[in-house]
Amino acid sequence: MVKKLIGKKLKDTRLKNDMTIQDLADRSRVSSNMISRIERGLTIPSVEILMKLANAFGMSISYFVEEAEKGSTLVFTPKGSGEPIFFFEDKHQITSLTQGIRDPSFTVFYDTIEAGCSSGEGGMVHTGEEFAQVIEGSLEFVIDGDRYVLKEGDSLVFKASLPHRWRNLHQGTTLVLWVVSPAPQVE
């Protein structure tokens, strides 16, 4: 989460200053490849690199670190603009609606599942609870051996310690709203 927060803050600051990655690289003496990796949340910059980047904007290093350390106490997500966090062969896309919240005890996902996509034959098992509501389409759940078919508007909540799996029964895309507690680590 720290990687993503620092990366987002760096990219937002660069764009607000109307700079390309190469402009920032020239100004900060940090390679454009490193800047790109930081902005995409693939790496946490060293203190030295973070200082160079902060100096390029005439700011202190705390500008980036405080934001990453604290996170946000409020996340507003306009329709269609959540944070994409998972893609699988263009058949399954998960978008977070809570990315960036500080110390989350739960997370909310918007899941786009194409026809024929499933979680696999094996049952998933983990700690916590899950809530799923089908917004559009139809999804089959098998939880601890029992089968449930959810259609538009139907929801299901269960202990995630029960073996569970799902598959899209709809001929087209199924859209699902998930609430998962505790919040999984998303890297």
Going by the conditions given, is ASP154 loosely packed, with under 13 Cβ neighbours inside 10 Å, more than 23 Å from the chain's Cα centre (by Cα) and at pLDDT 90 or above? no
If you go through segment 17-33, how many residues are of a type in the set (S, T, N, Q), open to solvent by 20 Å² or more (accessible area, probe 1.4 Å) and outside any loop (DSSP other than H, G, I, E, B)? 3
Sole residue being open to solvent by 70 Å² or more (accessible area, probe 1.4 Å) and modelled with pLDDT of 90 or more, chosen from ARG37, ARG14: ARG37
Scanning segment 117-137 for residues that are of a type in the set (A, V, I, L, M) and assigned to a strand (DSSP E or B), which turns out modelled with the lowest pLDDT? MET124
Among ALA132, ALA183, ALA160, which is over 13 Å from VAL108 (Cβ atoms), surrounded by 14 or more Cβ atoms within 10 Å (Cβ to Cβ) and of a type in the set (Gly, Ala, Ser)? ALA160
Going through segment 127-155 one residue at a time, which ones are of a type outside the set (Asp, Glu) and closer than 19 Å to SER96 by Cα? GLY128, PHE131, ALA132, GLN133, VAL134, ILE135, SER155
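The values are calculated or read from the model by the stated rules, or taken from the named source; none is laboratory data. A quick note: this is a predicted structure, and the numbers were derived from the prediction, not measured. Because the Cβ atoms are built from the backbone with ideal geometry, glycine has one as well, and the counts that use them run over all protein chains shown. In case anyone asks, the SASA skips ligands and DNA or RNA and just uses the protein heavy atoms, side chains included. Shrake-Rupley method; radii C 1.70, N 1.55, O 1.52, S 1.80 Å.
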